[in-house]
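Enquirer: Have a look at the structure that comes next, please.
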Amino acid sequence: AKTNGINRVVEYESKLRDIFVKRIRLENDLKTAVGNNEFSLYYQPKVNLRTGEISVEALIRWKHPQLGMVSPAEFIPIAEETSVIEEIGKWVLQQSCHDFRWLHSSGFSTLKIAVNLSARQFIDSSLKTTVANIFANTNVPPSSFVFEITETTIMKEPNEVIRILKSLKEQGITIAIDDFGVSYSSLNYLNRFPIDAVKIDRSFIRDFHKNEKGAEIVEAIISLAHRLNLSVTAEGVETEDQVRLLAEKGCDEMQGYYFSPPVPLEKLPNVLTKLYSW
Ligand code: C2E
Ligand code: CA
Ligand code: CA
Ligand code: CA
């Protein structure tokens, strides 16, 4: 039993070392990933069942030359701890503007694109100008874009973030709160911040059709948001039951594997065409 315990400690230490080594490696390799063209964007549709409107969310993918696909859930937090996230954020907006032009000229002229912004991008005082320049240089109307930011971003520097959000909204950009409901601070900022929409986190959608309490929480979020004139998107919608119930509760927009997983740009026109005729 004693050697067993020691073995377990050794195993644990070697696992920790692996995690640590991988982290250092990712952190290091992230620095050259943009320059080496290792990122790409996938797009996942969001469907408004009432208006028939469809938009898409850009989700970054990293194909590491040796490690293969690395999940954004793994590398974005690392990029956020270094200034690399600013470079990545710029690349994402630039690429999605480029893709917007292509989609636009392929006949999807009303399509809006949502991009994810990290908290760290909001500390950068040049964000407003950077964003304005990218839209101007790519000749894309800012009103075709939605910026998704999380609650934690807002809570970090509320006054500073309000100021930046206002200036982004003045450019015509729509602001949505991502992963809504996950942090405790949700409710008290809702009327203080210049936002347009909330995305209910997948954790609320996952089980809500299976129990009464879950359904009531989602219903409460939707009615509160509507009372504040905010539009509501549900993320992680996977089943027909969820679609039906969310529609019943007045949810405006839905996104999830039920409609489509994130797909590369080349596949997007096909997916969109199918959804429009659905
Ligand atoms: P998120 O913004 O909350 O994005 C939703 C995540 O859920 C995506 O994971 C998406 O692929 C996944 N998803 C969508 N529908 C379903 C579904 O029906 N079921 C399940 N189980 N999952 C679903 P992904 O693409 O791995 O992205 C993870 C997170 O990484 C994102 O969460 C976002 O926070 C971050 N991220 C992705 N792209 C970017 C980016 O360009 N910039 C920044 N700053 N963060 C990004
Ligand atoms: Ca998002
Ligand atoms: Ca989300
Ligand atoms: Ca989420």
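The values are calculated or read from the model by the stated rules, or taken from the named source; none is laboratory data. It should be emphasised that the depicted structure is a prediction, and the values quoted were computed from it without experimental measurement. Here Cβ is always computed from backbone atoms with ideal geometry, including for glycine, and neighbour counts include all displayed protein chains. For accessibility, only protein heavy atoms count, side chains too; no ligands or nucleic acids. Shrake-Rupley method; radii C 1.70, N 1.55, O 1.52, S 1.80 Å.
Enquirer: Being within 16 Å of ligand 1 (Cβ to nearest atom) and of a type in the set (A, V, I, L, M) is the filter here, so list the residues in the stretch 222-239 that pass it.
Expert: V232, A234, V237
Enquirer: Quickly run through the stretch 110-150 and pick out the residues that are in a helix (DSSP H, G or I), within 19 Å of S231 (Cβ to Cβ) and open to solvent by 20 Å² or more (accessible area, probe 1.4 Å).
Expert: Of everything in the stretch 110-150, those that are in a helix (DSSP H, G or I), within 19 Å of S231 (Cβ to Cβ) and open to solvent by 20 Å² or more (accessible area, probe 1.4 Å) turn out to be P142, S143.
Enquirer: Please count how many residues of the stretch 151-172 are free of Cβ contacts under 8 Å to residues at least 40 places away in the same chain and either surrounded by fewer than 20 Cβ atoms within 10 Å (Cβ to Cβ) or charged (D, E, K, R) (or both).
Expert: Here the count works out to 15.
Enquirer: Can we say S203 is open to solvent by less than 70 Å² (accessible area, probe 1.4 Å), closer than 13 Å to V56 by Cα and within 14 Å of ligand 1 (Cβ to nearest atom)?
Expert: Answer is no for this residue.
Enquirer: Out of all the residues in the stretch 227-278, which are of a type in the set (S, T, N, Q), in contact (Cβ under 8 Å) with a residue 60 or more places away in the chain and farther than 23 Å from I195 by Cα?
Expert: Of everything in the stretch 227-278, just one residue is of a type in the set (S, T, N, Q), in contact (Cβ under 8 Å) with a residue 60 or more places away in the chain and farther than 23 Å from I195 by Cα, namely S260.
Enquirer: For the stretch 108-131, give me each residue that is over 22 Å from E80 (Cα atoms) and touching a residue at least 12 places away in the same chain (Cβ under 8 Å).
Expert: F108, T110, L111, K112, I113
Enquirer: Next question, about the same structure. Does the stretch 208-229 contain any residue that is within 16 Å of ligand 3 (Cβ to nearest atom), touching a helix residue (DSSP H, G or I) at 6+ places or on another chain (Cβ under 6 Å), modelled with pLDDT under 95 and more than 27 Å from A132 (Cα to Cα)?
Expert: Among the residues of the stretch 208-229, at least one is within 16 Å of ligand 3 (Cβ to nearest atom), touching a helix residue (DSSP H, G or I) at 6+ places or on another chain (Cβ under 6 Å), modelled with pLDDT under 95 and more than 27 Å from A132 (Cα to Cα), which makes the answer yes.
Enquirer: State whether the residues of the stretch 151-167 include one that is within 25 Å of I222 (Cα to Cα) and part of a strand (DSSP E or B).
Expert: Scanning the stretch 151-167, I find no residue that is within 25 Å of I222 (Cα to Cα) and part of a strand (DSSP E or B), so the answer is no.
Enquirer: Considering the stretch 82-102 alone, what residues qualify as being out of contact with any helix residue (DSSP H, G or I) (no Cβ under 8 Å at 6 or more places or on another chain) and more than 10 Å from ligand 1 (Cβ to nearest atom)?
Expert: Listed by number, the list holds a single entry, E87.
Enquirer: Across the stretch 61-87, which residue is surrounded by the fewest Cβ atoms within 10 Å (Cβ to Cβ) among those that are part of a helix (DSSP H, G or I) and β-branched (V, I, T)?
Expert: Only one residue fits best here, namely I76.
Enquirer: Give me the pairs, please: first residue somewhere in the stretch 187-210 and closer than 13 Å to V237 by Cβ and within 16 Å of ligand 4 (Cβ to nearest atom), second residue anywhere and of a type in the set (S, T, N, Q) and at pLDDT 80 or above, beta-carbon distance under 9 Å, and either six or more positions apart or on two chains.
Expert: K199/T233; K199/Q255; I200/T233; I205/Q242; R206/Q242; F208/Q242
Here is a yes/no grid of residues against (1) in a helix (DSSP H, G or I); (2) touching a residue at least 40 places away in the same chain (Cβ under 8 Å); (3) in contact with a Leu (Cβ under 9 Å, 6 or more places away or on another chain); (4) farther than 24 Å from G236 by Cα:
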{"site": "V9", "(1), (2), (3), (4)": "yes, no, no, yes"}
{"site": "K31", "(1), (2), (3), (4)": "yes, yes, no, yes"}
{"site": "R50", "(1), (2), (3), (4)": "no, yes, no, no"}
{"site": "L59", "(1), (2), (3), (4)": "no, yes, yes, no"}
